[in-house]
1. Are there any pairs, at least 6 apart or on different chains, whose C-beta atoms fall under 8 Å, with the first in the stretch 41-63 and in a helix (DSSP H, G or I) and the second of a type in the set (Val, Ile, Thr), and if so, which?
2. Just need a number here: residues in the stretch 51-86 that are surrounded by 11 or more Cβ atoms within 10 Å (Cβ to Cβ) and over 14 Å from the mean Cα position of the chain (by Cα).
3. Which one is modelled with the highest pLDDT among residues in the stretch 30-48 that are small (Gly, Ala, Ser) and on the phi < 0 side of the Ramachandran plot?
Amino acid sequence: MKEKRKMSYLGVGPIFVIVGGIMVYIAKLLSEISLLQNAHFTSIDSLMLVISIFLIVLGFIIWFMGAFISKIDKHISKNQLVTTGI
C-alpha cells in the first residue's frame, strides 16, 4: 500500500516570493548598469504606488481569510483538500 504524502503548510507561496524577489533584484541590477534606463515611467509612479498598496492589502486579506476563517491549517493537518474556497 502506498503511503500518503502530507500536504505542505506553506504551499507554493514561498516559491513565488523567492522567484519574484530574484526577478526584482535582477531588474534593479540591470537598471543600475543602465540597461533598463528606459523602463522608468515617472508619469505613472503614483498610480503604481496605489495599485501596489491595494494588492498588498488584498493579499493580506486573502491570507487572513485562509488562515483564520477557512482554517486551512486544520484541513492540511488532516491531509484534506479544501475545495470550498476562502
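The values are calculated or read from the model by the stated rules, or taken from the named source; none is laboratory data. This is a predicted model, so every value here is computed, not measured. Virtual Cβ from ideal backbone geometry, glycine too; neighbours counted across all protein chains shown.
1. Listed pairs, sorted by first residue: Ile62/Ile86.
2. The number of residues fulfilling the criteria is 13.
3. Ser46
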